[in-house]
Amino acid sequence: MVRHLTSLYDFTPEELEKIIDLGIDVKKNPEKYATALKDKTLLMIFEKPSLRTRVSFEVGMTQMGGHGIFYSIADSPMGKKESIEDTVKTSSRFVDIIMARLFEHEHIMKMAQHSDVPVINALTNFSHPCQIACDLQIIKEKKGKLKGLKLAYFGDSNNNVTHSLLYGCSMVGMDVAVASPKGIEYEPQKKVVEKAKEYASKHGSKILITNDAVEAAKNADIIYTDSWMSYHIPKEKEAERVQLFKPYQVNSVLMKHAKPDAVFMNCLPAMRGYEQTAEVIDGSQSIVFDQAENRLHIQKAIMLFLLGKMK
Ligand code: CP
Ligand code: NVA
């Protein structure tokens, strides 16, 4: 059976933990994997911009003996002269694995449904599973464990990163608190919160959705934020959103409500003065560049797992 990564729920919690541990091993011993994907080709379909995802997947393939092809939707007949189904049915005759960064989540689901090779969600408006697998790896490296930790997230929460954090953290037994403005446009989607609560109840961990930033930050081990202006948000919404999200900005006052050894994370790209202040992202508690580096190691682990190369 072909395995895909459309959402972290495509993995069992045990598989997710194994992939995180593989990411840790790949990082420590890259030479062990230098030919693991020899002669394999990854097709990388992009409908939105990217730095980390594009470069880490392409470098990851190169470092494991394979090859990545960058393919912009702007250069593709997909959605204009060709359906998603025909695009992936054709592509999967050429390549061994496909990743796609798309607007609509249904489109990645459709790709997975029609592909003969593994399909990876490299971000949709709804979720960003590769990012959160990477985040769990860096948290485990920095804190020595996952279960029992508390992650607090601030800002735009009807958001791909928030949804995947709720899935991923609940799968590994972490507490999650999400603080955002009131309203369905800004709060995490109910179906995600319900699923996260189901996992949390199995582990005895807690999920808190609140409009109170201080309540969310209390005793957190990890303080996390994401862009107020995700790739799909139109520029004309910026002024309104900045006002609305300002009470959820991560600044040094908010950081003080977390544990003294709390770390600060942001999946990047980040705007200083928006979702966090410069003193926080450039300060001693910030681990954002160690976090970004792990995109490389975890992408390798994800591809090894999906291609059946995990030992
Ligand atoms: N965090 C992340 O996915 O970054 P890019 O948009 O640069 O790929
Ligand atoms: N929520 C952000 C994540 C960027 C990696 C966006 O969709 O732009």
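The protection proxy used here, the mean number of other Cβ atoms lying within 10 Å of each residue, ranks peptides 249-259, 122-132 as follows, highest first: 122-132, 249-259.
Take every Cα pair under 8 Å whose residues are at least 6 apart in sequence, average their separation, divide by the length of the range 194-292, and the relative contact order is 30 percent.
Each of Met271, Met111, Met229, Met61 was scored by other Cβ atoms within 10 Å of its Cβ. Listed from fewest to most, they are Met271, Met229, Met61, Met111. Distance from the alpha carbon centroid of the range 255-311 to that of the range 84-102 works out to 29 angstrom.
Classification of the range 139-216 by its C-alpha gyration tensor yields a prolate form. The axis ratio a/c (a ≥ b ≥ c) is 1.5 or more, and a/b outweighs b/c. Each residue, Met310 and Ser76, gets one label point 7 Å from its Cα in the Cβ direction; the gap between the two is 2.6 nm.
Which shape class, rounded, prolate or oblate, goes with the range 160-289 when its Cα gyration tensor gives a ≥ b ≥ c as root eigenvalues, a/c under 1.5 marks rounded, and past that a/b bigger than b/c marks prolate? Because a/c hits 1.5 or more and a/b fails to exceed b/c, the range 160-289 counts as oblate. Residue exposure proxy: Asp221, Asp116, ordered by other Cβ atoms within 10 angstrom of their Cβ from fewest to most, comes out as Asp116, Asp221.
Inter-label distance, Val59 to Asp21: 2.7 nm, where each label sits 7 Å from its Cα along the C-beta direction. Take Ser201, project a point 7 Å from its Cα along the Cβ direction, then tell me which residues of the range 141-164 have their backbone nitrogen under 20 Å from it. Of the residues in the range 141-164, 148 have backbone N under 20 Å from the label point off Ser201. Under a point spin-label approximation (7 Å from Cα along Cα-to-Cβ), what is the Leu51-Asp212 distance to one decimal in nm? With each label placed 7 Å out from Cα toward Cβ, I get 3.7 nm.
Do any of Lys48/Lys256; Lys147/Lys237; Lys237/Lys259; Lys140/Lys256; Lys259/Lys311 go past 27 Å between their Cα atoms, and which? Over 27 Å Cα-Cα: Lys48/Lys256; Lys147/Lys237; Lys237/Lys259; Lys259/Lys311. In plain terms, the residue of Met1, Met64 with the fewest other Cβ atoms within 10 Å comes first and the most crowded comes last, giving Met1, Met64. Length gained on full extension, Glu104 to Ser83, computed as 0.36 nm times the residue gap minus the Cα-Cα distance: 6.1 nm. For the chain, the relative contact order comes to 20 percent (Cα pairs under 8 Å, sequence separation of at least 6).
For the chain, a/c is not less than 1.5, where a ≥ b ≥ c are the root eigenvalues of the C-alpha gyration tensor, and a/b tops b/c. That puts it in the prolate class.
Between Lys38 and Asp261, the contour length at 0.36 nm per residue exceeds the Cα-Cα span by 76.1 nm.
Just so you know, all these numbers are worked out from the coordinates, no wet-lab data involved. On a predicted model such as this, the values are computed, not experimentally measured, just so you know. In this analysis, Cβ positions are derived from the backbone assuming ideal geometry, glycine residues included, and neighbour counts consider all displayed protein chains.
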